[in-house]
Amino acid sequence: MSAAHSERLSPRAFWSGVHLVAARELGAAFDSGIATIATIALTLLASSIFMNEFFLTGTVDMTPFFDLLPLLLAFFLPALSMRLWAEEKKSRTIELLFTLPIRPLQAVLGKYLAALALYGLFLACTLPIPVMLCALGAPDLGAIASGYLGLVAFGALFLAFGGLLSALARDQIVAFVTSTLVGFAFVLSGEERAVSVLDGLFPALSLGSFLREHLSVLVPYGEFVRGVVRLSAGAYFVLLSGFFLWATALVLERDRA
Amino acid sequence: MISVEHVTKRYGATLAVDDVSFRVERGEVVAFLGPNGAGKSTLLRMLSTWLAADAGVITVAGHDAQREPLGVRRSLGYLPEHNALYETMRVDRFLAFVGRMHGLAGERLAQRTRWVVEACQLEGVLGKKIQHCSKGFRQRVGVAAALIHDPPVVLLDEPTHGLDPLQVALFLEFVRALGKEHAVLFSTHVLSEAVAVADRLLVINRGRILLDSPVAAMHERARAGGRTLEAELLELVRAAQQPAGVGA
C-alpha cells in the first residue's frame, strides 16, 4: 500500500518535472546557439518567400504564406526534433536523466514542450507580416489567426513524430533523415500530383486518394488555412501527436529493459 | 539499505549477472571489485533503476526497484561509470537542476548546494560551463550532483577514474567519511583503493559473486596463508576462471 502511494505523483509534482526538463532543454538550445541560428534563418527564409509572393500578387492575404510554409517546415522541424533524444543517447546523459526521479512521459513532454516553444518563437518572428498587412489594408484577421493555429497544430504533430524517431535513432543525422522522409510523406500525400500518380499506379486501390483522406496533413491543415476550424481537423492533430508522444515514452521505457 | 536477491541479467545470449545476492547496510562502505566486464557496472545500473533485472529482487531503502523506481531514485545518489554531464550547462545551474529534480527548493536547495560545493571543492568552477572543466572537476561535479539531495544510499561506479593520485587520496578520504552515515557501494578494479576505504569487499567475476567478506577477514586469511591480499584475490579469480575439471 505504501509502495503504491510513494510512486503516485501529484499533478503538481508531475508538471514540475516537465517544467524542469523543458527549462533545461530551452537553456541548452540557446546556449549552443542552435535556437538562435535556426530561428533567424527560418524567419528570413519564410519572410522572403512571403514578400516575393506579396510583390507578385499585390494582395493583403497570407494564404500563399500558409500554403508554402509546410514544405519549408518539413525540413526545419526535423532539425529541431532530431537532437531531442539521439543527442542524450549519444552523450550518455540519458542515464543521468533517467536515474533522476522522473517518469519517461515527464521527460518526453518536457523536451516536446521546449521544442514547441522554440517553434513558437519562430512563429512569433513572422508576426510582423500580418502587422504590415494590417498597415497596408484590411486583411481577413480571422483567417490569419486560423492559419497560425494550423501552423501550431502542424508543428505539434511534426515535433511529436520527430521526437519518436529521435528516440528510435542512435544518431542525430539518422533522426533528421527519417523525420524528413516521414514529414514529406505526410505533406506530399496531400499534393494533387502525388495523389494522381499513386491512383494511376494502383487504380484498384485508389491508394493516392486513400492516403490523402486518411494520412495527409495537408487536408486538415488546409481547413485551418481556409479559416475553417473543425473538430475533426483538431482531433487529427491532437490524437496523432498524443499517440507519438506516448509511443516515445514507451520506446524509452523499453530501452531500459 | 541495499538488498539484492538472486538477481540475473542477460544481454542477448550473454549472461552479465548470474544469480547474485548481497546486502549493504547504512554506515557501511562496500567495494565492488572485479576485472573489466565482470558485471560491476551492470549491477550498479540495475540498482540505479537504469536497467531492469531479468530475475530477482532489488530493494533500495525499502523501495522495490521494479515497482517503485522513483522511490529508489529519490533514495540514492548515483555516479555512473562514464559520468556523462550536460556539457553546455554551468556547474551551478547543473547542480540546481539536479537538486530541483529531487524536489529541493529555496533555502534547503541553497543549503545543500553550499554543502556539496564545499565537500567537493567546486568553488572555483561554479560559474564555468561543464565542458570547460578539467576531468578531475567533472568527476567532482558528478559526485556533487549525486549527493545534493542527501541520499541515504550512494552508488559510485569507478569514481576515481581520471583523477590524479592526490585527488584519488582526497576522494577516498571523502568516501570513508561519507560511509559513516550512508550506505556506500563503489566499484573499482584497483585493489588498493578498495582496501583503503571499504569495510567489506564484494569480488565479482563473470557475473557471479566470488567473495563477500569483510576487509579485515581477508587480511587475516591472506596472512594465515602466508600471501599478500593481492595474491589471495588473484588466486580466487584465477580459480574461478579455470574451466571445470582442469586441475582436478
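Read-outs throughout are calculated quantities, based only on the coordinates presented, and are distinct from any laboratory measurement. What you see is a predicted model; the values in this text were computed from it and never measured. Here Cβ is always computed from backbone atoms with ideal geometry, including for glycine, and neighbour counts include all displayed protein chains.
Loop-resident trypsin sites (Lys or Arg not before Pro) (DSSP state other than H, G, I, E or B) in the range A:3-97 with no more than 15 further Cβ atoms inside 10 Å of their Cβ: A:R8, A:R92. Listed by chain and number, the aspartates and glutamates whose alpha-carbon sits under 14 Å from that of B:K129, ignoring those within fewer than 8 places in the same chain, are A:D31, B:E87, B:D92.
From the square roots a ≥ b ≥ c of the eigenvalues of the alpha-carbon gyration tensor of the range A:132-257, which class results: rounded (a/c under 1.5), prolate (a/b over b/c), or oblate?
oblate
With an a/c value of 1.5 or above and a/b larger than b/c for the gyration tensor axes a ≥ b ≥ c computed over the alpha-carbon atoms, chain B is described as prolate.
Quick check: from the Cα gyration tensor, does the range A:1-65 come out rounded (a/c under 1.5), prolate or oblate? Walk me through the intermediate numbers first.
On the way: a/c = 7.51, a/b = 2.63, b/c = 2.85.
Oblate.
Can you pull out the GluC sites (Glu not before Pro) in the range A:54-154 whose DSSP state is coil and whose Cβ has at most 12 other Cβ atoms within 10 Å? Numbers along the way, then the final one.
Working: sites: A:E87, A:E88, A:E95; in loops: none.
For GluC sites (Glu not before Pro) across the range A:54-154 that sit outside H, G, I, E and B with at most 12 neighbouring Cβ atoms in 10 Å, the list is empty.
Listed by number, the DSSP H helices of chain A that run 27 Å or longer by alpha-carbon position along their axis and have mean Kyte hydropathy of at least 1.6 are A:34-57, A:141-168.
When DSSP beta bridges are restricted to pairs lying wholly in chain B, around 50% turn out antiparallel.
Computed over chain B with a Gaussian network model linking Cα atoms closer than 10 Å, the most mobile of B:L234, B:L95, B:L79 is B:L234. In order along the range B:5-11, the Karplus-derived 3J(HN,Hα) couplings, from 6.51 cos²θ - 1.76 cosθ + 1.60 at θ = phi - 60°, round to 10, 6, 8, 10, 9, 10, 10 Hz, and Gly and Pro are given as x.
Sticking with the crude label model, points 7 Å out along Cα→Cβ, report the distance from B:S21 to A:S91 in nm, one decimal please. Using points 7 Å along Cα→Cβ, the separation is 4.3 nm. For the pairs B:K40/B:K135; A:K89/B:K128; B:K9/B:K128; A:K89/B:K180, note any where the Cα-Cα span goes beyond 31 Å. Exceeds cut-off: B:K9/B:K128; A:K89/B:K180. Legend: calculated FRET efficiency, A:S209 to B:K128, from the Cβ-Cβ distance at R0 = 51 Å, rounded to 0.05, equals 0.30. Against the longest principal axis of chain B, how steep is helix B:215-224, in degrees 0 to 90 to the nearest 10, with axes from Cα atoms? Result, in degrees: 30. The calculated FRET efficiency for the pair B:R221 and B:Y11, based on their C-beta separation and a Förster distance of 41 Å, comes to about 0.75. Given R₀ = 45 Å, what would the calculated FRET efficiency be for B:D150 paired with A:D67, taking r from the Cβ atoms and rounding to 0.05? After rounding, the FRET efficiency stands at 0.20.
Which angle from 0 to 90°, rounded to the nearest 10, does the C-alpha axis of helix B:135-147 make with the longest principal axis of chain B? So the inclination is approximately 90 degrees.
Can you give me the relative contact order of chain B as a percent, contacts being Cα pairs under 8 Å and 6 or more apart? Relative contact order of chain B: 27 percent. Among beta bridges identified by DSSP and lying wholly in the protein assembly as shown, the antiparallel ones come to about 50 percent.
Between the helical axis of B:165-178 and the longest alpha-carbon principal axis of chain B there is an angle of about 90 degrees.
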